[in-house]
1. Given PHE259, PHE243, PHE282, which one is more than 25 Å from the chain's Cα centre (by Cα) and crowded, with 18+ Cβ neighbours inside 10 Å?
2. Condition test on ASP19, is it part of a loop (DSSP other than H, G, I, E, B) and not assigned by TED's automatic domain parsing to the domain that holds GLY356?
3. Of the conditions (1) surrounded by 16 or more Cβ atoms within 10 Å (Cβ to Cβ); (2) at pLDDT below 90; (3) among the charged types (D, E, K, R), LYS196 clears all except one; give me its number.
4. Please list, ordered by residue number, the helices (runs of 4 or more DSSP H) wholly in the range 333-391 having 3 or more residues that are out of contact with any strand residue (DSSP E or B) (no Cβ under 9 Å at 6 or more places or on another chain) and assigned by TED's automatic domain parsing to the domain that holds GLY306.
5. For LEU290, work out the one condition from (1) modelled with pLDDT of 95 or more; (2) on the phi > 0 side of the Ramachandran plot it doesn't fulfil.
6. Search the range 395-423 for residues being surrounded by 15 or more Cβ atoms within 10 Å (Cβ to Cβ) and either aliphatic (A, V, I, L, M) or in the same structural domain as PRO128 (by TED's automatic domain parsing) (or both), and hand back the single one that is farthest from TYR170 (Cα to Cα).
7. Is at least one residue of the range 73-86 aromatic (Phe, Trp, Tyr), in contact with an Asp or Glu (Cβ under 9 Å, 6 or more places away or on another chain) and closer than 30 Å to GLU406 by Cα?
8. Out of the residues in the range 174-189 that are farther than 18 Å from ASP402 by Cβ and either basic (Lys, Arg) or surrounded by 15 or more Cβ atoms within 10 Å (Cβ to Cβ) (or both), which is farthest from the chain's Cα centre (by Cα)?
Amino acid sequence: MIIDEELNKINYNMQSISDVCLVNNINVNPKKEFPNSNFEYISISDVDGNLGKITNKQEYIGENAPSRAKRKLLEGDVIVSTVRPYLKSFARVTDTFNDAICSSGFAVLTPDESKINTDYLFFAVRSPLFVNQLKQKQRGANYPAVGIRDIKPAKIPVPSLEEQERIVSYIERELNWVEELEKSTSLLRAYFTEYKKSLLNTVFTGSKNITKQTHKITKNDIPENWKMGNIGENVDFQSGKAFKSNDYIDKSDSSILCFRVSNYTPEGKLKLDDCSYLPKKFINKYQSVLLHNNDVLITMVGASCGKMYYVDKEGLPALLNQNMWRLRCNKDTIIQRYLYYYLKSCQDYIKNTTNGSARKYLTQKKIKDISIPLPSIEKQRNICKNLDNKFSYIDSHIDIIDNLEENLTEYKESVLSSAFKGDISN
């Protein structure tokens, strides 16, 4: 097998994770053990897989703890997401998160300091060598994951502690300049994102500062010849379908894409590198969730609440999975592209209307109650054409950033691969 061939190329002693770490050493039950005390909670979405860092946290009182809040963290631990491990939502636990509790969706690795140091362990589990072992073991088409039984026997190279320090120094030296460049690309991306927001707000209200709390637009905010309406009066909502696990099949001429939240980015770009498929015969059975060109989608549950996508021909035919709404307009009053752009201008407000603590969700009523300016259909087309042109120019620059970041990711992978194969010089 390919994985075995890769393992045989390693110049260091190979050991399993359970040989050098305790796995899930401290388990807790906040509801029973400290129902009246506050604690910090780390979910999988709080880890940035690209940075390899915990970037967010949530606070709960014990009695309201999420059901998955089960693993206690200590400084020096390394957490490994068991869900979609190829996304590498892995991180070192710093002193900031000492004594926090994380989701049971993580495997918590506590290194045996006599055998392996934390920094080395962190880089080792982020290496292609380790990740590919998990990818080979993951199960589930719609929710690919591995179990603790897959983490424990996974092998990593374990040289002497002195050699580990040399390898860590090499990796940090090689990746420092990459991280600085990634910070610059992140700032550029943020600038373009804000510029797009300002364009949208200016088009619809003439203002660049729309409040995230109310997003109230009145007749006084729009041109005299425009009308006002609300989303609910002019748009049909359809929820996606919760398909069963045994509905999914491998990709073939007899399959159709099951369109999931993970199939589009927060920027609204199609993403087809992680797909699930259903029998093509489902098209007739589930016509209500068959996507059409120009449909507008909104994620209604989870960490991606409020994320939007404008469906085009690429990726079709497809059936809409759960956790999203499909929106279609009354063609006499609104065109689809106009609806998409307008909702994008409301996106900050929409995200601020979510309910739920452990798992965020949107309600249709809050979306339907949003007021929408209604110029003539011809004016809507002109607005969309203008925005399409401007966004196309901006997106061309974002594409350059995307390509640069992909190259940086490939470089980081090559650094880790070389380091753990023993292919580095002094």
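The values are calculated or read from the model by the stated rules, or taken from the named source; none is laboratory data. If you're wondering where the values come from, they're calculated on a predicted model, not measured in any experiment. Cβ coordinates were reconstructed from backbone atoms using ideal geometry, including for glycine residues, and neighbour counts include every protein chain displayed.
1. Details: PHE259 fails: more than 25 Å from the chain's Cα centre (by Cα); PHE243 fails: more than 25 Å from the chain's Cα centre (by Cα).
Selected residue: PHE282, the only one of PHE259, PHE243, PHE282 that is more than 25 Å from the chain's Cα centre (by Cα) and crowded, with 18+ Cβ neighbours inside 10 Å.
2. Criteria not met by ASP19.
3. LYS196 satisfies all of (1) surrounded by 16 or more Cβ atoms within 10 Å (Cβ to Cβ); (2) at pLDDT below 90; (3) among the charged types (D, E, K, R) except (2).
4. On the way: elements: 336-345, 347-352, 364-368.
Once the helices (runs of 4 or more DSSP H) in the range 333-391 are filtered for at least 3 residues that are out of contact with any strand residue (DSSP E or B) (no Cβ under 9 Å at 6 or more places or on another chain) and assigned by TED's automatic domain parsing to the domain that holds GLY306, what remains is 347-352.
5. Every listed condition holds for LEU290 apart from (2).
6. Ranking the qualifying residues of the range 395-423, first place goes to ILE398.
7. Filtering the range 73-86 for residues aromatic (Phe, Trp, Tyr) gives 86.
Subset that is in contact with an Asp or Glu (Cβ under 9 Å, 6 or more places away or on another chain): 86.
This time we only want the ones that are closer than 30 Å to GLU406 by Cα, so: 86.
Yes, the conditions are met somewhere in the range 73-86.
8. GLU174
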